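The numbers here are math on the coordinates, done by the rules we state, and not lab data. Keep in mind that what you see is a predicted model, and the values were worked out from it rather than measured. With ideal geometry, Cβ positions are generated from the backbone for all residues, glycine too; neighbour counts draw on all protein chains shown.
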Amino acid sequence: MARRKGTPEPTSEEPEDKDEKKEAKAEDAKPEAEKPSPDEVATQPINVKPDPKDLPAIVPPPPKTEPWPDATPAPMKPVEAANADTAEEPPAPRRATETLAMPIGDVGKPPEMPRTSAPPPLALGEVENPTHMPGPKEVPAGNPDDPAPAPGLVPPGDSRSLRRGDEFALIYRVGTCVVIRTGTVGTRGQWRVVEYPTYAFASNSYAKECSRLVSEGFSDYRE
């Protein structure tokens with residue numbers, strides 16, 4: 001067959017060159033295809049750590065039939081006493097003690113106030129020596145006009161014996177009580193007892209009563 005001038009001669013190497021070029025283009029195109037686009041990157045899932053609640057429960061393995069040697073020590077055998085055959089000594093007897101019973105009576109009761117008796121009647125015009133000063137519950141009863149000696153001198157303290165002409169006034173304090181005796185010399189006179197809640201009230205009332213009597217013209221009795 002005649003060949004035209006200017007036409008290249010066919011060679012067996014052209015197919016191989018074409019295959020090599022295709023492979024080179026394919027290799028160059030692979031990196032471009034592997035790179036994801038920005039849209040694909042935005043839609044890709046984000047790796048997040050799972051919630052512990054979503055994790056399956058851990059089931060422990062079944063316990064072993066034999067305990068660990070260090071967990072449960074072996075029980076120890078009881079130790080027998082050296083003198084087990086000998087009888088135990090009885091305990092020493094307790095000493096006999098006497099239990100005293102509490103006395104039956106008025107426990108805590110204050111002592112009774114001293115009781116006094118009225119002095120024997122004296123002749124008219126005489127005075128008591130010492131002056132009779134009974135307690136609040138021992139004031140003698142009777143008629144104010146009954147004959148009786150007038151009060152004389154009194155001991156120091158909350159007590160005063162006052163006079164104004166032929167009249168007398170005896171005032172003193174016993175605890176929380178104020179006792180007053182007033183009348184005419186030679187008669188029993190009038191007794192009056194006033195009890196107060198506290199010692200302070202009684203002392204204050206005693207001082208006020210003395211001031212009132214002095215303001216009315218009474219003065220201390222003197223022999």
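Around the amide H of Glu167, modelled in the peptide plane, lie the amide H atoms of Val185, all under 5 Å away and 5 or more residues distant in sequence or on another chain. Considering only alpha-carbon pairs that sit under 8 angstrom and 6 or more positions apart, the relative contact order computed for segment 120-214 is 25 percent.
Extending 7 Å from Cα along the Cβ direction at Asp51 and again at Leu153 yields two label points whose distance is 11.1 nm. Ordering Ile58, Ile180 from the fewest to the most neighbouring beta carbons within 10 Å gives Ile58, Ile180. Length gained on full extension, Glu195 to Asp145: 15.5 nm, using 0.36 nm per residue less the C-alpha separation.
Decide, for segment 159-220, between rounded, prolate and oblate: order the square roots of the alpha carbon gyration tensor eigenvalues as a ≥ b ≥ c, take rounded if a/c falls under 1.5, and otherwise choose prolate if a/b is larger than b/c, else oblate. Oblate shape, in that a/c is at least 1.5 and b/c is the bigger or equal ratio.
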